[in-house]
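Reading through the structure tokens given below for one structure.
The values are calculated or read from the model by the stated rules, or taken from the named source; none is laboratory data. These numbers were taken from a predicted model, which means no experiment stands behind them. Because the Cβ atoms are built from the backbone with ideal geometry, glycine has one as well, and the counts that use them run over all protein chains shown. In case anyone asks, the SASA skips ligands and DNA or RNA and just uses the protein heavy atoms, side chains included. Shrake-Rupley method; radii C 1.70, N 1.55, O 1.52, S 1.80 Å.
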Amino acid sequence: MTKHHTELVVVGGGPGGYAAAFYAAEKGMKVTLVEMDNRLGGVCLHRGCIPSKSLLHVARLIREVRESPVRGVAFGKMELDLAQLRSWKDSVIDKLATGIGLLADRRNVTVMKGRGYFEDATNLRVETDDGQQFVVFEKAIVAVGSRPSIPSQFDLGNPRIMTSDEALALEEIPEEMLVVGGGYIGMELGTVYAALGSRIVLAEALPSLLAGTDPDLVRPVQKSAEAAFKEIRLGAKVGSMATSGKQIGVVMEVEGKSLEESYDRVLVAIGRVPNCDDLGLENTRIQRDDRGFIRVNPQRQTDEPAIFAIGDVAGGVMLAHKASKEARIAVEVMAGEARQFENIVIPAVVFTDPEIAWCGLTQSGAKEMGIEVEVAKFPWAASGRALSFDRTDGLTKIIIDPSTERILGVGIVGVGAGELIGEGVLAVEMGATARDLAESVHPHPTLSETLMESAEAFYGTATHVHSRKKKPEPVE
Ligand code: FAD
């Protein structure tokens, strides 16, 4: 029996796990990273962020080409080479996975390919291709991520019923496709398949798309999706599915009526569950919450003090950059630093077309919590940059504390909102005021000016929108 001694073992090589392993190695720890997939990168690289964004880039390209005759440039009929598209997408993943592997080598992180299982609070059994190996560790980080949730009544073992994993493999472009779930994954993948030629019906059980997101940010996305999809059904409950020849028969209840329809493929995008059922957690003192996520304290420490948990498996917002931030905090705590995952601004981006991005306090959140705020807005119809590429379907808004003028949150909908939100994160993290943002010169013509002009709008001095003056100008 091989026994491998290490200071830190990280189980799971996604954006939480590999970030933790690399950072711990930089800090001088002896690190072993255990990953059961062939390559590092996790869901984000192989079945999430990167493939979906690559395909969304193509979807945006198709839309721009379709809309270009109005500008006097036409390209003719779209020809889709699905095999080439798949191979380009895979090449993007491959480059990144190779890079992560090289970085692991350079940092002297031992990568062990296999499935990890806790024998107890100091021993991890790893099922490798060459049999069992044992890692004896001083500290561990659990970063095993999550997987798509698929209720048993949809789980027929029929490949035409897909989760995001299969949808991103892009096996075929179905003619008629049902997307179950109007969260960000359903909306993003619906956008991709609609651009590639599928007629999409999207069914969402709740009364709105992208639940929890400010309605004024959702509106332009919904309008754009209504044009791109065959139909969006809100308050639609999908009850059952059955194989029906080469199709999937679906029973759905919409506005009190029961509908029976058939689709070539169905994408189920209704949430994700943590990957910790077969991990040996019961052999440690680690506890899970009532939704199955590993319970952690603000230091990301589990109930077993030498074992930390980060990323999707530890619950909270399931985003790659949240996992990577938690990785750094866990490693710093292990290194004896006084750190915790509290009051950290985690931005969110929905990469639809247009995109939605927000950070800090949202307008709906302020309303729910009864926090008094002022909201300053700048519609993109007044942005020269947005007009120059024909996408005025955007809005930038800033949530401001009326007494201190501090920026508490930023929300943006529009093309490239995901890139713009970084400035909002900096403003909220640094405790910037609306005045700081209004007085920082932004380059013209860019969409970044919409942030500056929103702040100016708060004072009633925005150049390109006329708004009521709210505050006197400061005395110089
Ligand atoms: P994961 O990335 O899930 O990695 C966990 C790793 O652990 C996996 O590689 C798995 O093989 C391994 N593992 C599991 N069990 C074991 C075991 N017992 N032993 C060894 N290894 C094990 N987030 C964003 O921030 N931006 C986006 O644009 C975005 N888009 C997304 C699009 C889709 C379609 C999906 C599904 C997700 C998207 N996400 C996005 C979410 C993001 O992918 C996750 O939040 C992120 O991957 C979580 O990272 P993690 O390190 O916690 O776990």
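Observations on the structure shown:
- Under the combined filter of DSSP loop state and at most 15 neighbouring Cβ atoms within 10 Å, region 153-262 retains these trypsin sites (Lys or Arg not before Pro): LYS230, LYS246.
- Computed over the chain: relative contact order in percent, which uses C-alpha pairs under 8 Å that are six or more apart: 13 percent
- In nm, spacing of pseudo-spin labels at PHE389 and ARG107 (7 Å Cα→C-beta vector): 3.3 nm
- Shown here are the Rg and Dmax of the Cα trace of the chain, at 24.1, 77 Å.
- Sequence-distant lysines (8 or more away, or on other chains) whose Cα lies within less than 19 Å of LYS53: LYS89, LYS95, LYS322
- Label separation (GLU7 vs SER440): 3.7 nm, computed from points 7 Å beyond Cα along the C-beta direction.
- Qualifying chymotrypsin sites (Phe, Trp or Tyr not before Pro) in region 378-476, DSSP loop, other Cβ atoms within 10 Å at most 16: PHE389
- Between ALA227 and ASP90, the contour length at 0.36 nm per residue exceeds the Cα-Cα span by 46.4 nm.
- Cα-based convex hull volume of region 354-459 per residue, rounded to whole Å³: 83 Å³
- In plain terms, the chain from GLN287 to LYS77 could stretch by 70.0 nm, reckoned as 0.36 nm per residue minus the Cα-Cα distance.
- The chain, helix-only ellipticity at 222 nm - DSSP H runs n ≥ 4, -39,500 (n - 2.57), divided by all residues, nearest 500: -9500 deg cm²/dmol
- Solitary cysteines of the chain, where the nearest other Cys Cβ is not under 4.7 Å: CYS276, CYS359
- Extension gain (nm, one decimal) between ASN38 and LEU61, 0.36 nm per residue minus Cα-Cα: 5.1 nm
- Of the accessible area of the chain, computed with a 1.4 Å probe over protein heavy atoms only, carbon and sulfur atoms account for 51 percent.
- Probe 1.4 Å, accessible area per residue of the chain, Å²: 46 Å²
- Antiparallel bridges, percent of DSSP beta bridges restricted to the chain (to nearest 5): 60 percent
- Spatially proximal aspartates and glutamates relative to LYS27 (Cα-Cα < 15 Å; intrachain offsets below 8 disregarded): GLU7, GLU332, GLU337
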